[in-house]
1. Within segment B:78-134, take every residue that is outside any helix (DSSP H, G or I) and of a type in the set (D, E) and give me the one that is farthest from the chain's Cα centre (by Cα).
2. If we scan segment A:72-93, do we find a residue that is buried (at least 19 other Cβ atoms within 10 Å of the Cβ), part of a loop (DSSP other than H, G, I, E, B), in contact with a strand residue (DSSP E or B) (Cβ under 8 Å, 6 or more places away or on another chain) and within 12 Å of chain B (Cβ to nearest Cβ)?
3. Got at least one residue in segment B:57-64 being outside any strand (DSSP E or B), modelled with pLDDT of 95 or more and among the polar types (S, T, N, Q)?
4. All but one of (1) within 14 Å of another protein chain (Cβ to nearest Cβ); (2) crowded, with 16+ Cβ neighbours inside 10 Å; (3) within 13 Å of ligand 1 (Cβ to nearest atom) hold for B:C147; state the number of the condition that does not hold.
5. Could you pull out the residue among B:K198, B:K189 that is away from ligand 2 (no atom under 12 Å from the Cβ), more than 7 Å from every other protein chain (Cβ to nearest Cβ) and under 19 Å from A:L127 (Cα atoms)?
6. Got at least one residue in segment A:149-159 being within 14 Å of chain B (Cβ to nearest Cβ) and not charged (D, E, K, R)?
7. Just give me the residues in segment B:32-56 being out of contact with any strand residue (DSSP E or B) (no Cβ under 9 Å at 6 or more places or on another chain) and part of a loop (DSSP other than H, G, I, E, B), in sequence order.
8. Residues that are away from chain A (no Cβ under 14 Å) and either in contact (Cβ under 8 Å) with a residue 12 or more places away in the chain or touching a helix residue (DSSP H, G or I) at 6+ places or on another chain (Cβ under 7 Å) (or both): does segment B:165-174 have at least one?
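The values are calculated or read from the model by the stated rules, or taken from the named source; none is laboratory data. This structure is a prediction, so every number in the text was calculated from the model and none was measured. Cβ sites come from the backbone with ideal geometry, for glycine too, and all protein chains shown count toward neighbours.
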Amino acid sequence: MRIFSNLMKEIKEGHFVFTGELEPEKETDLHNTIKAAEELKGYVVACNVTDNPNSMAYISSLVASYLIQERTGMEAIYQLRCTDRNAAALTSDLLGACALGIRNVLALTGDHIGLGDYAKAKPVYDLDSAQLTYMIRKMVDEGVDLYGNKIHGDVRLHVGVAANPNCEPLEAEILKLARKVEAGAEFAQTQVIYDIERVKEFFEMMRSYGIKIPVLVGIFPLKSYGVAKFFDEHIAGVHVPEELMERITKAKDEPDKQKRKEKILEINLDFFIPFLKELKRTEAAGCHIMAVGYPEIIPPLTEAVK
Amino acid sequence: MIVTKEKPIDEILEYVEPYGKILVVGCEGCTHPPRGLREARNMAMTVSMGLKLRGKSVEVRSTSIAKQCDLYNCKVALEPQIGDAEAILTMACSIGVGALSTLFPDIPVFPAQNTVFMGVEDRESDTFKEMCRACGDCLLGETFGICPIARCAKSLLNGPCGGPVDGMCEYKEYTNKCAWIEIYERAKKFNRLDLFKKLRLPRDRRLETPPRMLVGGELK
Ligand code: SF4
Ligand code: SF4
């Protein structure tokens, strides 16, 4: 197997890898995203660049991925979803991504268009994530598009997929992941999860079904009481553990802003360092840290489990 | 059946207002929600009164035929009743509107219904549920009677997506069951997870791209 990216190199070498997340928005200058990418450099091997998260019509993730790589040197994991593009448009964007030096792509079905600010637009889903994965692998391995037409030039992409250990029944999710692996997925990143026991259950079931794919487990540090509360109430299917929520709720009463920040950082580290240490003992290939707007957590977190 | 929902009366009146002689035609095909003779009569009365309120006196007749989606049927049953009608208002689904427009090219035909979907009826809860989108290559043999095209909000072939929570679909705020979780549950019950697990490759979208025709059994 050829290796095109640092992410895949680190995974293949068996390092416990960290990836981060960048979320460009409805904007044209990418100032904050570039700044965030700078801050994460050296701590994560690559960063996901979200594609219309929650079905909000934002700046193209392809353009953002390119500019992030170009301006900061941070390797991008270009997220690409099926909600907004048919197979032809996906192919065009993938060819463009190759030309622009993008080497990792995360193939996503994508949130339903009805969830975001273009709720009246047409949901496309000409392909789904498994079919998109299949198509990308065809492009990479055979140098042809979905219908066998020859592509001029190398297609150098690694394809990742999403998985959700919170899904109930878990078996449905595991079998779906099996399909994506069959389609050629090379790594998986999971939805946010706080329950390490559930993570172990997930790996155990993967094992019992003989599914082999490097998995980066997703975590979401909680920057403030507001973020924690919003997350707990609005992100369906994921709950912040009670104890963690209680500590953060208490910390919000600290009147001094700086002290409050320090306190919350400490609470996060108290929770996530043991979580990561435990995670390192599982077959997880790494951790995907979703800390948009909270880059300061990443250095102490990644250093602690080196 | 083809499920319809009556159009707002003002929209209907706008359509037929310019005409002096209107024929309202019911359809006894798909029977629920009913849109047969009784409904055609009521509609004729409503239209006549509505237009009167707009200061117009018109002649509105009503009739009903068995199945407006059958051209032969329409010709035999309706042609003798057209008389001097200047406009037809049909109670049928949009297929009926198309059929009558084809058959009577010199008379404008207007719809009284919005055609919403093909589905089943649950009379107890007064609910109609979309069941099929006529994709042209039926998958129900692999999905235990639950159509992933019509019942999954993303029409996925390799579901579920990352969206279901407690078996409910992310679209419409978790008020509908996730079709793919249902498919999984049934496949498991029948000990056929092999079908659930199957990787389905991209479809040939030409099968579902309009306009479609079936000529002598061949899809054109
Ligand atoms: S798969 Fe669904 S949409 Fe297609 S023919 Fe069967 S029931 Fe209809
Ligand atoms: S939650 Fe289930 S029904 Fe809804 S879009 Fe996803 S797979 Fe389809």
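1. The selected residue is B:D84.
2. The answer is yes, given that some residue of segment A:72-93 is buried (at least 19 other Cβ atoms within 10 Å of the Cβ), part of a loop (DSSP other than H, G, I, E, B), in contact with a strand residue (DSSP E or B) (Cβ under 8 Å, 6 or more places away or on another chain) and within 12 Å of chain B (Cβ to nearest Cβ).
3. Checked against the condition, which is being outside any strand (DSSP E or B), modelled with pLDDT of 95 or more and among the polar types (S, T, N, Q), segment B:57-64 yields no hits at all.
4. The one condition B:C147 does not meet is (1).
5. Step by step, each of B:K198, B:K189 is checked, and only B:K198 is away from ligand 2 (no atom under 12 Å from the Cβ), more than 7 Å from every other protein chain (Cβ to nearest Cβ) and under 19 Å from A:L127 (Cα atoms).
6. No, because not a single residue in segment A:149-159 is within 14 Å of chain B (Cβ to nearest Cβ) and not charged (D, E, K, R).
7. Result: B:R54, B:G55, B:K56.
8. So far as segment B:165-174 goes, no, none of its residues is away from chain A (no Cβ under 14 Å) and either in contact (Cβ under 8 Å) with a residue 12 or more places away in the chain or touching a helix residue (DSSP H, G or I) at 6+ places or on another chain (Cβ under 7 Å) (or both).
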